[in-house]
Amino acid sequence: MTLFLALLGIALLLASCQSKDDVPVHQPTAYTIEIPFGFPTELNIPDDNPMTVEGVTLGRYLFYDGRLSGRTHADSLMSCYSCHRQERSFEAGIDHPDFPGGYPHGLSGKHTHHVMLPLINLVWNHSGYGWNGSVYKDNVNAEYRNIEDIVRMAVMAEDEMFGDTSRVVALFNQLPAYKQLFQDAFGNPEVSFRNIERAIAQFVRTLVSANSRFDKYIRGELQLTQQELNGYVLFTTEEGADCFHCHGGYGNPLFTTHLFYNNAKDSIFDDPKDRFAISADPMDHGAYKATTLRNIEVQAPFMHDGRFKTLEEVIIFYSVDLVQSNSVDPLMHHIHTGGVRLTEQEMSDLLAFIRCLRDDEFMTNEAFSRPQVLPDSDTSY
């Protein structure tokens, strides 16, 4: 009897071990962001949201799905793509069919406080998202800290999707194909809003632009024109157009510092969402993020309030229309003369260089594009 019980115990133990071995372990496929030549190596990827092929795939579908607003009626759908169009470097663009002048509004009809910022190369942003940097990963006291949180903001904001996260989760939990995608990405078929945030953030982090004419020049693949080279010299010298302090250039391929500057647009400041609202530093009155100049050619209107409609207007502003104030950034070295005072030829040269930062491959890359058919749907929202 003792021998029988001992053998039975061994058999049960072996069966238990076998059953544990048979339980499939969730192992999504790691997704590696290839760092372009000359780009920084430090990426903003949270430890609790590692990049995976399955997560990126799910995120792409969600990014383009109008049901992310928590609605199913055609006249009340809204997705990330509604405002962030690939052909405009993932911002609205001045020619947006639903937002005249490139100034978006939400499903409530309320306009966004500022115009759009492009979703481009954000995986290298460590200094805060948004025009005033209110979403900052190192601010432990903030409710919103990273791209994941921006997804929640977009769904809930009155001037964006004006939705309810619980309703969004309930809707996607009714969609069988999506449940399988969540299983593949996160090992759980039950949809949670946290995993919606994670998937979309993973997709957004893949939006890397690094194949403009300038990139090819840096890699030795082509020669810029003499006019483009003249513009490059103007861009990177204080005696020229003096752009590089805020927008990078030589040694900074992102073409932004991701920092915030009062660039002498105004002398009176009444915007409750400028950088001062975050930092409480008096020198940050009227300060906003220096946007990347990559693909800037297709991102009109320009500045936080969309006041300039063309790049030519922007260049003229920096040349002759700077406005003095107590909080003008010290890097605005030419404020005492009203601007950098470029000649017409120099303006033309500078514009030629800025245009060579356009990456058409990025704006047509199928991996970033709108799917023809979304899961659980016979049409693309």
Q: Of all residues in region 307-354, count the ones that are assigned to a helix (DSSP H, G or I) and either charged (D, E, K, R) or within 30 Å of the chain's Cα centre (by Cα) (or both).
A: 19
(Q) If I filter region 360-381 for residues that are at pLDDT below 95, outside any helix (DSSP H, G or I), under 17 Å from HIS84 (Cα atoms) and in contact with a helix residue (DSSP H, G or I) (Cβ under 7 Å, 6 or more places away or on another chain), do I get at least one hit? (A) yes
Q: Return the total of residues in region 4-36 being part of a loop (DSSP other than H, G, I, E, B) and either in contact with a Leu (Cβ under 9 Å, 6 or more places away or on another chain) or modelled with pLDDT under 95 (or both).
A: 7
Q. Is at least one residue of region 279-288 surrounded by 16 or more Cβ atoms within 10 Å (Cβ to Cβ), at pLDDT 95 or above, acidic (Asp, Glu) and under 21 Å from HIS126 (Cβ atoms)?
A. yes
(Q) Which count do you get for residues in region 139-196 that are in a loop (DSSP other than H, G, I, E, B), aliphatic (A, V, I, L, M) and free of Cβ contacts under 8 Å to residues at least 40 places away in the same chain? (A) 3
**Q.** Residue list for region 158-194, restricted to those being over 20 Å from ASN49 (Cα atoms) and of a type in the set (A, V, I, L, M, F, W, C)
**A.** MET161, PHE162, VAL168, ALA170, LEU171, PHE172, LEU175, ALA177
(Q) Let me spell it out: the conditions are (1) surrounded by fewer than 19 Cβ atoms within 10 Å (Cβ to Cβ); (2) assigned by TED's automatic domain parsing to the domain that holds GLU91; (3) over 17 Å from HIS84 (Cβ atoms), and LEU181 meets all of them except one. Which number is the exception? (A) (1)
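The values are calculated or read from the model by the stated rules, or taken from the named source; none is laboratory data. Treat the numbers as computed from the prediction; the structure is a model and nothing was measured. Positions of Cβ are generated from backbone atoms using ideal geometry, with glycine treated the same way; all protein chains shown enter the neighbour counts.
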